[in-house]
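S.K.: The following block contains the structure, expressed as structure tokens.
Just so you know, all these numbers are worked out from the coordinates, no wet-lab data involved. Being a predicted model, the structure only gives us computed values, none of them experimental. Every residue, glycine among them, receives a Cβ derived from its backbone with ideal geometry; neighbour counts consider all protein chains shown.
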Amino acid sequence: MGEISIYFVGICTFMQDFEDHVPGVRRRVVLVNARRPQVINKTMIPPHIPTLRIAASDLEVNGVPATSSNGCVLQWELHGCKIEIADAVGELQHDKSFECCIPHLKVLTPNAEGIAKSVVLGAESAEASCYFDLTAGELSAGIYANGAAVAVLKVQTQNDSPVLRVKPFRTDDAQEFRLRAGAQIAIMNTGDADALGDDPNDFLLHYKVVENIPQDANIPSGPAPCCGSLPKSYILPSIGLGPGCSNANFP
């Protein structure tokens, strides 16, 4: 058996109680499409770029051409696709750190109701940049950089070399990456690297998964006191993300 760790960084929304929508899928991580500046509740939010990061040393078979951010980490932009671990095994579970660290939209804003189906279910690249369906593995979380809450999914696989599958929306074509056992990858939805940094109000992007964004939508005031630091990882870039670029749960 193999093992792979997936880090979710930035505006990655964990949709819970998801089996009513997609049988067999306990949770779906949604990266909303926020490539262009937008206004939410009279607040201007800068672009966020969805990316997949894999260390070159973790690839056993080269796939599609990629750009290198630092000579040894490959990075692809995500333009409307579903990512999955094709040979994942076991049950999905989470530890105390995940519930402690990752804010719940319904706790922050109790009147956040329903889901935006075009974003969460529609597989429309104009609305969502990426889906990652969770069926197996253990979720944990911790604080990264300047206070951003980041979730980590550790998955056991049937094969010694885990298979990462990337499938564009609305097509049967897929690209598969075979990775070494113990590989780490990052799925990110963060501000443009050329921007001056993130803002606490970036968190409002999570509410795009809700049917109607409440006018009183709240954001975290800071990281949860019970949340510890995330262990260092070679796949995470050195960027100063604060609580506004935390992951979120819904509901």
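S.K.: Let me know the shape class of the stretch 42-174, please: from the alpha-carbon gyration tensor, a ≥ b ≥ c as square roots of the eigenvalues, rounded when a/c is under 1.5, otherwise prolate if a/b is greater than b/c, or oblate.
M.R.: rounded
S.K.: Continuing with this model, one more query. May I ask you to evaluate 6.51 cos²θ - 1.76 cosθ + 1.60, the Karplus curve with θ = phi - 60°, for each residue of the stretch 134-141 and list the ³J(HN,Hα) values in order in whole Hz, giving x for glycine and proline?
M.R.: Taking θ as phi minus 60°, the curve returns 9, 10, 8, x, 10, 9, 9, 7 Hz for the stretch 134-141.
S.K.: Oh, and also: What cysteines in the chain have no other cysteine with a beta carbon less than 4.7 Å from their beta carbon?
M.R.: 12, 72, 81, 130, 245
S.K.: What does DSSP give for the chain in terms of the percent of beta bridges that are antiparallel, rounded to the nearest 5?
M.R.: Close to 75 percent.
S.K.: Return a single number: how many Lys pairs in the stretch 2-250, at a sequence separation of 8 or more or on separate chains, have alpha-carbon atoms below 25 angstrom apart.
M.R.: 17
S.K.: Separate question: Compute the signed sum of charges (Lys and Arg +1, Asp and Glu -1) over the other residues within less than 10 Å, Cβ to Cβ, of residue 245.
M.R.: -3
S.K.: Okay, next question. Taking R0 as 22 Å, what's the FRET efficiency between residue 212 and residue 36 from their Cβ-Cβ distance, rounded to 0.05?
M.R.: 0.60
S.K.: Scan around residue 159 for amide H atoms under 5 Å from its own, H built in the peptide plane at 1.01 Å from N, and keep only partners 5 or more places away or cross-chain.
M.R.: Amide H neighbours of residue 159, under 5 Å, 5+ apart: 2.
S.K.: Show that you can apply the helix-only estimate: for the chain, add -39,500 (n - 2.57) for every DSSP H stretch of four or more residues, divide by all residues, and state [θ] at 222 nm to the nearest 500.
M.R.: Helix-only estimate at 222 nm: -1000 deg cm²/dmol.
S.K.: Could you run the Karplus curve 6.51 cos²θ - 1.76 cosθ + 1.60 with θ = phi - 60° over the stretch 121-128 and give me ³J(HN,Hα) per residue in whole Hz, x for Gly and Pro?
M.R.: Computed from phi, the couplings for the stretch 121-128 are 10, x, 6, 10, 5, 6, 10, 9 Hz.
S.K.: Under 8 Å for C-alpha pairs, at least 6 residues apart: give me the relative contact order for the chain, rounded to a whole percent.
M.R.: 35
S.K.: Something else: Please state the charge dipole magnitude for the chain, taken about the Cα centre, from unit charges on C-beta atoms (+1 on K and R, -1 on D and E), reported in debye and rounded to the nearest 20.
M.R.: Approximately 260 debye in magnitude.
S.K.: Here is a follow-up. What ³J(HN,Hα) values, in whole Hz, does the Karplus curve 6.51 cos²θ - 1.76 cosθ + 1.60 give for the stretch 84-97 when θ = phi - 60°, with x put for Gly and Pro?
M.R.: 8, 8, 5, 10, 5, 10, x, 9, 8, 8, 9, 9, 5, 5
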